[in-house]
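First up is the structure itself, then whatever we jot down about it.
Here, each number is a calculation from the coordinates, and none is a lab measurement. Small disclaimer: the values here were computed from a predicted structure and weren't measured. All Cβ positions, glycine included, derive from the backbone under ideal geometry; neighbour counts span all protein chains shown.
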Amino acid sequence: MGLDHASWRVFVLGGLLIGLSVPLIASAVPYTPADDAVILERLPLKPTDRFAAELRSLRRALMQDPNNLALARKLAQSYIKQARLDSDPRYLGYAQAALAPWWEQSQPPAEVRVLRAIVLQANHQFMSALADLDAVLRYEPTHAQALLTRASIQQARGEYDAARKNCAALVRSTSQLIGVTCLAAVASLNGEAQRSYALMQRVIQQSPDMSPDMRQWIESLLADAAARLGDAATANRHYQLALAAAPADSYLLASYADFLLDQGRAADVVELLRERTRADPLFLRLAIAEQMLNLPEATDHAASLDSRFEASRLRGDVTHRREEARFALFLRNDASRALRLAEENWAVQREPADARILLEAALAANAPRRAQPLLKWLVNARMEDVYLTKIAGHIEAFSP
Amino acid sequence: MRKMILFLIALASSLPVYAHKPSDSYLSLKIHGPELQGQWEIALRDLDYAIGIDGNGDGDITWGELRARENAISAYALARLRISSDGALCAKTMDEQMVDTHSDGAYNVIKFTVNCASVPRMLTLGYSLFSDIDPQHRGLLRLDDGVKTRSAIFSPERANQEFTFEPAGVFEQFCDYLRAGIWHIWTGYDHILFLIALLLPSVLQRNRDGWQGVNEVRVPVIDTLKIVTAFTLAHSITLSLAVLDVVRPPSRFVESVIAASIIIATLNNIYPVFNRRRWLIAFAFGLMHGFGFALVLIELGLTPGLLALSLAAFNVGVETGQIAIVCVFLPLALLARQTWLYQRLVMTAGSWLIITVAGAWLVQRAFNLQLVPG
């Protein structure tokens, strides 16, 4: 009863494969918990939370009176704020539901139109969002919210001239503070990083009583500018001030985590994000940090990210391409997939981080030629960023 | 104004970080004839937002709290899924509730059965789960018709979707019914036992000392042929009559008479009456076995327009299964016919054993009891 050598090998291999696939299958199989006391899910907002209670009573009031525009706007605004704080798109859907009576209208009231634009841009439907904002601003050229939202979309798409015009209109219309900051944010990416840093520094010194949210916004812009200019110590100081100013949202945390990763401070990233595994961008940075430190959790976390990206692919969602490209490059060593995703992403949005992943992927995939359009664009935009410059240098050295 | 400005700033740099997983549900439907098996996985978070499942309001959802809302959840969800087959609405019944874990948290799993009036050629699904509270919710469907699996995404803009199924080719259907026929005769022990009981004496002849082996091979082969032919002829007649709805005796009566037929055929081996005329028994009771086959075929469902084909295929399947049994039985019987084992043990003890089993079937079929499997 002897198995020959080849049979043994097949046998062992088969056993291994089955053994390995069991946990994968097991995670997707429905089960019946053994005990009534088993906790299945923790809700993100505790019902006792003050904000949750406020949302609940607003929602109840709106259910009684669904065509009450003021109520619907208030609820939608609260949800959008929560969506941003938690980086949780479910709240955007709730906001859309609150605006349901007006959502499908071609000419809804201006306030609804602005909120609709904000929800649309979050889903990367930039063109529809801009169409709404344009319509609002045609009738009301000084609408602050519309101006600022349009400026931020244009800035993210790398349309700096257009963004600057909106910021200038903002300065003239309502709040000088917001308008100036808006201008500085655009200029910082558009060849004026030093000067806009100095300007924002002055703004913050001259307005000691500005709101915490405003302070956080400006400090994070300062941190970002300092990091791109290569002054890590200054950037770090501004990040600390931004984090201290108000409860941090996911956007700020992600940006700070990226800064820490660039500084080789992976352990600090793990410390910062250990509890923030719900939001994909933060979870991604956590997994990258864990991998840099060779922590055992890295494998599980990467697999979990994989299934999240798979889930959004099933849904037909393409808003995660930047994160997915980073995932492919740094956690899956798949440079060609990363490059493809980064290129698709670059066609839609053009922030420094979008440029960076495209350059990194092109370098890793030995495809310097595919970075050329972007390199040209960066020169035209006069973007200042020490990391982009460094990678661009590697690519130039590579090119024949 | 102050409040407005605050809101404004919160959005200032608010571009693309909503990379949290949005709300999805996973719906899978598997088509088995006019019946569909469904499994629907819905996030606990969404269910809590929609109808509240955190009973004690502490922010944690336990299995106990979920179970307490089981009926409310399935009523809420199933009311938001409309399934129609060829234009007629299908009925849904909830079977079981379980839990599953996805990358973004725990999901409630509803297993349910869908009953449609017909085998769907066009299935229409209307999906409206959470469309009123979260228009960005999506329903991700996997639809398996046994041949291939297709997927679809439901959203408020695409809430109603149609799926059409190519009717299976004539050849495939023929094969399906053929297989069903073979399968039925092999797993329906009553038909096998009846046939075996009749065939046992084929290789023997009766004299004063009891059973003796026949010398030539020709006699048993002819005897077997007569019995098998008579049985086939008889059950083909009644199978057709029943399927064409000319006569349909009640199933309990048919099943009971089939059990009785085994007893009578076997008793003839112990107290021989019919001898070489056993094909008469085969024909007479074969009529009742035909009604038995019809019960199975009717349950399988007949394809309208392909009645004759499915009937023929099923019958050919039954014959094939029957011939296979004879081909195994006859050579063995011929080999063993001169032995004491066959002439005494099989013919007497074996016959009594068959009678006992068939007797139990008769009792349980006639009185609707469950004594032995079969």
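With Rh defined as the Kirkwood radius, the inverse of the mean 1/r over Cα pairs, the Rg/Rh of the protein assembly as shown is 1.17.
Converting the Cα gyration tensor eigenvalues of the range A:244-400 into ellipsoid dimensions via √(5λ) gives semi-axes, longest first, of 26, 18, 16 Å.
Sorting B:GLU162, B:GLU319 from the fewest to the most surrounding beta carbons within 10 angstrom yields B:GLU162, B:GLU319.
Helix A:110-122 and the long axis of chain A differ in direction by around 30°, with both axes built from C-alpha atoms.
Helices meeting the span-like rule in chain B (full DSSP H runs, Cα extent of at least 30 Å along the helix axis, mean Kyte-Doolittle score of -1.0 or higher): B:218-243, B:278-300, B:307-336.
The angle between the Cα long axis of helix A:126-139 and the longest principal axis of the Cα atoms of chain A comes to about 10 degrees, rounded to the nearest 10. Hull volume per residue, based on the alpha-carbon atoms of the range B:77-187 and their convex hull, is 157 Å³. Summarising the label geometry, the points placed 7 Å from Cα in the beta-carbon direction at A:GLN176 and B:ILE237 lie 11.0 nm from one another. In the frame of its principal axes, the range A:161-247 has Cα extents of 34, 29, 21 Å, reported largest first.
As a ratio to 2.2 N^0.38 Å, the alpha-carbon radius of gyration for chain B is 1.48.
Tell me, B:TRP340, A:TRP102, B:TRP186 in order of fewest to most beta-carbon neighbours within 10 Å? Write out the running numbers ahead of the final one.
Values: B:TRP340 9, A:TRP102 19, B:TRP186 14.
Exposure proxy ranking, most exposed first: B:TRP340, B:TRP186, A:TRP102.
Inter-chain Cβ neighbour count for B:128-135, averaged per residue, equals 5 (cutoff 10 Å, partner chain atoms only). So for the protein assembly as shown: antiparallel DSSP bridges make up what percent, rounded to the nearest 5? Here the share of antiparallel DSSP bridges comes out near 90 percent.
When A:ARG313, A:ARG276, A:ARG60 are arranged by Cβ crowding within 10 Å, least crowded first, meaning fewest neighbours, the order is A:ARG60, A:ARG313, A:ARG276. Inter-chain neighbour count for A:349-356: the average number of beta-carbon atoms from partner chains within 10 Å of each residue's beta-carbon is 1.
Relative protection proxy for B:48-55, A:130-137, from highest mean packing down: A:130-137, B:48-55 (other beta-carbon atoms within 10 angstrom).
How much FRET efficiency would the formula 1/(1 + (r/R0)^6) give for B:ASP58 and A:GLU310, where r is the Cβ-Cβ distance and R0 is 30 Å, rounded to 0.05? So, using R0 = 30 Å, E works out to roughly 0.40. Summarising the amide proton neighbourhood of B:GLU96: residues at separation of 5 or more, or on other chains, whose placed amide H is nearer than 5 Å comprise B:LYS111. With pairing defined as another cysteine C-beta under 4.7 Å, the cysteines of chain B that fail it are B:CYS175, B:CYS327. If every alpha-carbon in chain A counts as one equal scatterer, what log10 I(q)/I(0) does Debye give at q = 0.12 1/Å? Each listed q maps to, in turn, -1.10.
Between A:VAL379, A:VAL171, A:VAL270, where does the largest GNM mean-square fluctuation fall for chain A, given springs only between Cα atoms within less than 10 Å? Maximum among the listed residues: A:VAL379. Peptide A:115-124 is shielded by partner chain Cβ atoms: per residue, an average of 3 of them sit within 10 Å of its Cβ.
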